[in-house]
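Input: a single structure, listed below in structure tokens.
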Number of protein chains: 2
Amino acid sequence: MNAPVSAPALTKNQSLVFDVLTRSDAPMSAYTILDKLRDNGFRAPLQVYRALDKLLEFGMVHRLESLNAFVACAHPESECCGHGHGHGSVAFAICESCGHVSEFHDHEVDHRLSDWAKHKGFKPAKTTIEIRGLCSVCAA
Amino acid sequence: MNAPVSAPALTKNQSLVFDVLTRSDAPMSAYTILDKLRDNGFRAPLQVYRALDKLLEFGMVHRLESLNAFVACAHPESECCGHGHGHGSVAFAICESCGHVSEFHDHEVDHRLSDWAKHKGFKPAKTTIEIRGLCSVCAA
DNA sequence: CAATTGATGTAATAACATTACATATTAAAA
DNA sequence: TTTTAATATGTAATGTTATTACATCAATTG
């Protein structure tokens, strides 16, 4: 019932999808992943979506809602303040020019949002924070 | 070249779409809006998307990225701290049970995110903050 | 008036995601 | 070990969201 604490064993399809995402330097849509895996026997979107569902559940992949795309989690394996893979919310800065995505945490942001929720009696399940704009390289 | 400061004149289609969204107590997808407006002569998705594009540009409507849906902006016409319709980022709490959406601002969150951006040389264009979970009524 | 601009109408297609159903593999219980 | 249950896989069809392309109409402006 608990989320796996360390890297869970991945099935063949999960590994293939995770590898493709890990090698990519930009987010990929499910259909782009599918195309990359045709040679590995992938034929249908569902093969990708099923693998992604598990990887999301394991916290190894994130979905970027504003892009309908996916990235491998950029965390170092485990982090100072109990982040690792069981962390609260993650924020993303997405460059609209080069596609690069930076993943970061901000405790104060987390805190402010959960304070708001507590005050309103709202029970958060998942928080999305995405900043779209231009990265330092592209802005120059 | 500037965004309109007060309510711009809306075209027929823009008014129809805005009215439908305003009357709704939950977010609506473009296709749901289309269905509501069949009797008003709407026949194609593009009629809705074009109106939504303008309403988004005017700041009268928000897109909920995690839902692929739209809501009328909930701001009182103009706000204490210069929000009105030219505000920075807006956050949403979305109830996954009843569909209700609460719109709110948090200056500290804005501040932390723009500090991060400044520090990284990232130029933000649009920020998405969406908390999905259960509202106080549904959580009870 | 001609020319430009913005709004509209319609059809077709692209992009993203899920349902349904059949089969195979793996793991656990008897 | 055999049965059973749970998980993973394969495939097709369909559903949902969004855009491209092209034609027309209306308002403005030079």
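The numbers here are math on the coordinates, done by the rules we state, and not lab data. Predicted model only: the values in this text are computed from it and were never measured. In this analysis, Cβ positions are derived from the backbone assuming ideal geometry, glycine residues included, and neighbour counts consider all displayed protein chains.
Structure summary
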| read-out | value |
| --- | --- |
| Shortest-first distances to equivalent copies, position B:Asn68, nm, label 7 Å out along Cβ | 0.5 |
| Cβ-based net charge around B:Phe42, under 12 Å, with every Lys or Arg adding one and every Asp or Glu removing one | +3 |
| Eligible aspartates and glutamates near A:Lys54 by straight Cα distance, threshold 16 Å, same-chain separation 8 or greater | A:Asp19 |
| Positive-pole candidate from B:Leu67, B:Trp116, B:Gly41, dipole of the protein assembly as shown, charges at beta carbon | B:Gly41 |
| Dimensionless Rg/Rh of the range B:10-73 - Kirkwood Rh, Rg from C-alpha atoms | 0.91 |
| Which of A:Thr128, B:Thr32, A:Thr11 has the fewest Cβ neighbours within 10 Å, and the rest in rising order | A:Thr11, B:Thr32, A:Thr128 |
| 26 Å Cα-Cα threshold exceeded, pairs from B:Lys12/B:Lys36; A:Lys118/B:Lys123; A:Lys120/B:Lys120 | A:Lys118/B:Lys123; A:Lys120/B:Lys120 |
| Two-site label geometry, A:Thr32 and A:Asp53: point separation in nm, points 7 Å out along Cα→Cβ | 2.4 nm |
| Other protein chain Cβ atoms within 10 Å, averaged over every residue that makes up B:99-112 | 3 |
| For the range B:100-120 versus the range A:12-81, the gap between their alpha-carbon centres in whole angstrom | 28 Å |
| Value of [θ]222 nm, deg cm²/dmol, for chain B, DSSP H segments ≥ 4, -39500 (n - 2.57) each, nearest 500 | -11000 deg cm²/dmol |
| Debye, to nearest 20: dipole size of the range B:10-73, +1 on Lys, Arg Cβ, -1 on Asp, Glu Cβ | 200 debye |
| Local net charge near A:Pro27, Cβ-Cβ under 15 Å (Lys/Arg +1, Asp/Glu -1) | -3 |
| Cα-based equivalent ellipsoid, the protein assembly as shown: semi-axes from gyration tensor eigenvalues, Å | 33, 24, 20 |
| Gyration tensor (alpha-carbon) shape descriptor, chain A, a/c threshold 1.5 | oblate |
| Fraction of beta bridges assigned by DSSP in chain A that are antiparallel (%, nearest 5) | 65 percent |
